[in-house]
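Just below is one structure, and these are the notes that go with it.
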Amino acid sequence: MDIFRDPAKRAEWVYGQKMSPCPKCGSYDMFPQMPIVINRDGDEAPENVVSRWAKLTASGEAVLQGPCYYMCRSCLHNGPAVNCAGRSAEEARKDPELNREMKRLWNSQ
Ligand SMILES: [Zn+2]
């Protein structure tokens, strides 16, 4: 049996547990989102924002804006968020408790 033909099974394999489909569109193509703070200094040139994002991410100094949640990539529906304002993005990404909670919230909506 090829589990990759079944989106529900594939999501279960990717996330290590059963995942609920998107309540809006029924897709299993969900993805964790952890937006980081980028101090723009009034400089909105896209290439500068991108390079600042890359520098912050590489240096391990990226700080989360706050909401961490699963997003549906098919319809862009956001699941309920965990507030992680001020936490380091690197630390949050490695936090299994946070990841479990984000998945629990997605499945509870
Ligand atoms: Zn959706």
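Compare 81, 89, 54 in a GNM of the chain, Cα atoms joined below 10 Å, and give the one with the largest fluctuation.
Comparing 81, 89, 54 in the GNM, the peak value goes to 54.
I need 108, 88 ordered by Cβ neighbour count within 10 Å, fewest first. Kindly include the intermediate steps, with their values, before the conclusion.
On the way: 108 9, 88 16.
Least crowded to most crowded, the residues run 108, 88.
Quick one: P(r) of the chain from all Cα-Cα pairs, 10 Å bins, percents rounded to integers, in order of increasing distance.
P(r) for the chain, in whole percents per bin: 14, 38, 30, 16, 2, 0.
What residue among 25, 68, 84 has the largest mean-square fluctuation in a Gaussian network model of the chain, using Cα springs under 10 Å?
With Cα springs under 10 Å in the chain, the top fluctuation among 25, 68, 84 is at 25.
Provide 44, 91 in ascending order of the number of other Cβ atoms located within 10 Å of each residue's Cβ, fewest first.
Fewest-to-most ranking of 44, 91: 44, 91.
Compute the distance from the alpha-carbon center of the range 8-33 to that of the range 42-109, in whole Å.
Value for the Cα centre distance between the two parts: 18 Å.
According to a simple spin-label model (label point 7 Å from Cα along Cα-to-Cβ), what is the distance in nm between residue 4 and residue 36?
3.0 nm
Counting Lys and Arg as +1 and Asp and Glu as -1, each charge on the Cβ, what is the dipole of the range 3-108 about the Cα centre in debye, to the nearest 20?
Here the range 3-108 has a charge dipole of around 540 debye.
Roughly how many nanometres apart are two label points built 7 Å out from the Cα toward the Cβ at residue 78 and residue 50?
2.4 nm
Whole-Hz Karplus ³J(HN,Hα) for the range 81-91, in order, using 6.51 cos²θ - 1.76 cosθ + 1.60 and θ = phi - 60°, x for Gly and Pro?
Each residue's phi maps through the Karplus curve to give 9, 9, 7, 10, 3, x, 6, 6, 4, 5, 5 Hz.
Where a Cα-Cα gap under 30 Å defines reach, which lysines qualify for residue 18, not counting those fewer than 8 residues away within the same chain?
Excluding near neighbours in sequence, the set is 9, 94, 103.
Rounded, prolate or oblate for the range 62-109? Axes are the square roots of the Cα gyration tensor eigenvalues, ordered a ≥ b ≥ c, and the cut-off for rounded is a/c under 1.5.
Prolate shape, in that a/c is at least 1.5 and a/b is the bigger ratio.
Bear in mind that the values in this text are calculations on the coordinates, not laboratory data. Because the structure is a prediction, the values reported are computed rather than measured. Backbone-built Cβ (ideal geometry, glycine too); neighbour counts: all protein chains shown.
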